[in-house]
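Read through the structure below, which is laid out as structure tokens, and then see the notes.
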Amino acid sequence: MLDRIELFSLRDMGWQYAASFGVAIFGALYILTAGRVLGPQDFGVYALAAAVPTVVNALFDYRIQEVSIVVLSEKASAGGSAGNIRSLLLFDVAARVVAFGISVPAGILVLRALGIAVDPAVPLLAALGVFGAKVGIGPAIGLMRLSGNIQKYALLQSLDWALRLLGFGIAIFLGRASVEAAFLVQVPPAIVINLGILHLAHRIAQSTYGSIGGLAGALDQLRIFCRERSKLLFSSQTISAVDSVVKELDTLICGIFLSPHNVAVYKIAKSVAAISWKCVDPIFVVILPNIAAYAADGKLAELSAILKKTAIYLLGIALFIFLAGWALVFPFTQYVLGPGYDEVPSIFPLISLWIVVALPFIWTHSVAIASGNAPLQAMSGLLGAVIGVAALVIGAASWSLSGAALGLSVAYAATFVISWVLLVKKKIVIW
């Protein structure tokens with residue numbers, strides 16, 4: 001089927017599934033182990049502390065891996081492409097440094113505002129883990145995807161979470177499991193694996209485009225790059241900022257209206273739903289280079305016909321994933337999570353309903369970016385974020401856990417649906 005609709009590379013899809021399932025399995029095991037060992041109260045504190053640097057980094061996330069694919073897919077000399085890679089790397093590093101500098105004091109202030117007393121080391125370690133995993137990695141992933149080396153990224157990404165899980169397991173064995181330890185053990189693997197990815201990407205860049213050069217003249221070139229690409233960069237930033245509503249800002253909103261115990265239940269249910277989504281989100285990752293090729297050749301009508309068939313297949317897959325997750329969450333909660341998480345099965349259908357709505361339109365972001373309509377996607381994200389925040393606030397304030405779960409589904413689904421409507425309205429996609 002995937003060959004027939006001509007939008008996916010089965011090889012890339014397979015490796016991206018390896019990455020997604022590796023991260024999903026080890027990441028989920030980490031979250032679930034922390035939830036079980038720490039208990040609902042402390043795990044709620046962990047979830048809220050982790051949310052702050054994630055939200056801050058989303059505000060400074062310019063989706064550089066996607067920008068890299070668009071920029072490097074253009075016709076340019078090897079020297080010009082090498083200069084673009086250097087500018088993309090410097091831009092990404094600068095953005096992450098600023099985000100880290102803000103994350104630490106923001107974490108302390110937010111936790112205090114929520115009435116949670118923690119050691120300042122907790123927000124520091126939470127921010128350091130995110131920084132170590134993300135700094136400079138945007139252009140590196142873009143290069144790997146373009147060069148057909150996604151398998152190396154897949155293996156390293158899975159290894160990252162496996163090492164984090166191993167570290168927390170050692171902390172449990174030594175009787176030192178705590179909120180601080182849950183963050184501390186994530187820092188070394190994040191930094192080491194990130195350096196490994198950067199090293200591989202550097203080798204790919206050198207073999208493809210030649211030397212990317214040193215810092216001489218880099219700042220002047222970066223200024224020119226930012227001026228020429230400002231529309232794409234800041235539209236991408238807007239998309240990431242509004243995406244933060246459904247990444248971790250929702251957890252902070254829940255922290256205002258719910259107890260840490262209920263925040264823990266919400267976070268666990270959201271994590272289980274995320275595992276379901278991992279079954280399908282490799283599609284999002286691998287289609288951008290292919291859609292970019294169709295857009296570059298002006299074959300939007302042909303692309304639209306392919307997307308119509310794709311949406312039908314994806315709806316069927318979404319229904320299966322939703323129902324299978326709903327069936328499995330009951331024994332999962334009883335035998336794995338243990339006491340304190342009894343409400344997870346009851347809110348799971350509400351917190352995972354967005355999968356059925358969003359998956360048929362998973363391609364909308366890629367089409368908007370590849371067709372040069374990043375502002376359209378930014379507008380979709382902004383409108384979706386407003387709707388999402390309203391749904392989360394009203395839901396959590398009015399109906400506690402159930403309302404927050406349904407609000408999250410609205411927040412996730414809204415952007416996809418709005419983006420599809422705008423793409424059709426502007427006749428970028430013919431429906």
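For region 271-350, what is Rg from Cα atoms divided by 2.2 N^0.38 Å, rounded to two decimals? Mind dumping the intermediate values first?
Details: Rg = 17.9 Å, N = 80, 2.2 N^0.38 = 11.6 Å.
Region 271-350 yields a ratio of 1.54.
Using 7 Å Cα-to-Cβ label points, what is the Ile116/Ile170 separation (nm, one decimal)?
2.6
Over region 113-176, with the other protein chains present, what is the accessible area per residue in square angstrom, probe 1.4 angstrom? All intermediate terms of the calculation are to be shown ahead of the outcome.
Numbers: 2720 Å² over 64 residues.
Per-residue value: 43 Å².
Pairs of lysine in the chain with Cα under 19 Å and at least 8 positions apart or on different chains: total?
The result is 19.
Scanning the chain for trypsin sites (Lys or Arg not before Pro) in DSSP loops with at most 15 other Cβ atoms within 10 Å, what's the longest stretch left with none?
Details: sites that count: Lys75, Arg176, Lys299, Lys426, Lys427.
Of all site-free stretches, the longest is 300-425.
Sort region 54-138 into rounded, prolate or oblate with this rule: let a ≥ b ≥ c be the square roots of the eigenvalues of the Cα gyration tensor; rounded if a/c is under 1.5, and if a/c is not under 1.5, prolate when a/b is larger than b/c, oblate otherwise.
Numbers: a/c = 4.33, a/b = 3.35, b/c = 1.29.
Here region 54-138 falls in the prolate category.
Using Cα pairs under 8 angstrom and six or more residues apart, how large is the relative contact order of the chain, in percent?
23
Just going by the charge dipole of the chain, with Lys and Arg at +1 and Asp and Glu at -1 on Cβ, which of Leu232, Gly384, Ala177 is farthest out on the positive end?
Of the options given, the answer is Leu232.
List the longest stretch of the chain that has no exposed loop site; here a site is one of the GluC sites (Glu not before Pro) assigned by DSSP to anything other than H, G, I, E or B, with at most 16 other Cβ within 10 Å. Please list the in-between numbers first.
Working: sites that count: Glu6, Glu74.
Answer from the scan: 75-431.
Accessible area per residue, 1.4 Å probe, Å², for region 45-112: what's the number?
Details: 2310 Å² over 68 residues.
Result: 34 Å² per residue.
Which one, (1) 19.5; (2) 21.1; (3) 23.6, gives mean projected area of the Cα convex hull in nm² as derived from the coordinates shown?
Evaluating mean projected area of the Cα convex hull in nm² on these atoms matches (1).
Helix-derived [θ] at 222 nm for the chain: sum -39500 (n - 2.57) over DSSP H runs of at least 4, divide by residue count, nearest 500?
Calculated from helices alone, the mean residue ellipticity at 222 nm is -28000 deg cm²/dmol.
Can you list the DSSP H helices in the chain whose Cα atoms extend at least 24 Å along the helix axis and whose mean Kyte-Doolittle hydropathy is -0.5 or higher? Write down the numbers at each step before the final one.
On the way: long enough: 10-59 (43 Å, 0.92); 78-113 (51 Å, 1.26); 150-173 (35 Å, 1.02); 187-209 (32 Å, 0.82); 218-244 (31 Å, 0.02); 260-278 (26 Å, 0.26); 300-332 (46 Å, 1.73); 374-425 (36 Å, 1.60).
Long hydrophobic helices here: 10-59, 78-113, 150-173, 187-209, 218-244, 260-278, 300-332, 374-425.
Using a 1.4 Å probe on the protein heavy atoms, what percent of the accessible area of the chain belongs to carbon and sulfur? The partial results should precede the final answer.
Working: 12030 of 17630 Å².
Carbon and sulfur atoms account for 68 percent of the accessible area of the chain.
By accessible area of protein heavy atoms, probe 1.4 Å, what ranking do Tyr335, Tyr30, Tyr62, Tyr412 get, highest first? Show your work: numbers first, answer last.
On the way: Tyr335 165, Tyr30 0, Tyr62 25, Tyr412 50 Å².
Result of the area sort, largest leading: Tyr335, Tyr412, Tyr62, Tyr30.
I want to make sure I understand the PRE zone here: with the label point 7 angstrom from the Cα of Leu155 toward its beta carbon, which residues in region 198-242 have backbone N atoms less than 13 Å away?
200
When the Kirkwood hydrodynamic radius is evaluated over all pairs of different C-alpha atoms of region 215-263, what value in angstrom, to one decimal, is obtained? Walk me through the numbers on the way to the answer.
Values: mean 1/r = 0.0734 Å⁻¹.
Radius from the Kirkwood sum: 13.6 Å.
Under 1.5 on a/c is rounded, so check that first for region 101-201, then, if it is not, pick prolate when a/b is larger than b/c and oblate when it is not; a ≥ b ≥ c are the square roots of the alpha carbon gyration tensor eigenvalues. Intermediate values should be presented prior to the final figure.
On the way: a/c = 3.54, a/b = 1.60, b/c = 2.21.
Cα axes put region 101-201 in the oblate bin.
How would you classify region 223-375 from its alpha-carbon gyration tensor, with a ≥ b ≥ c the square roots of the eigenvalues: rounded for a/c under 1.5, else prolate if a/b is greater than b/c, otherwise oblate? Spell out each step's value before the answer.
On the way: a/c = 3.55, a/b = 1.60, b/c = 2.23.
Taking the square roots of the gyration eigenvalues as a ≥ b ≥ c, region 223-375 is oblate.
Let me check against my output: what whole-number percent is the relative contact order of region 161-314, with C-alpha pairs under 8 Å and at least 6 apart?
Values: 24 pairs, mean separation 13.6, N = 154.
For region 161-314, the relative contact order is 9 percent.
The values are calculated or read from the model by the stated rules, or taken from the named source; none is laboratory data. Keep in mind it's a predicted model, so treat the numbers as computed, not measured. A quick note on method: Cβ atoms are made from the backbone with ideal geometry, for glycine too, and the neighbour counts reach across all protein chains shown. Just the protein is used for accessible areas: all its heavy atoms, side chains included, with ligands, DNA and RNA removed. Shrake-Rupley method; radii C 1.70, N 1.55, O 1.52, S 1.80 Å.
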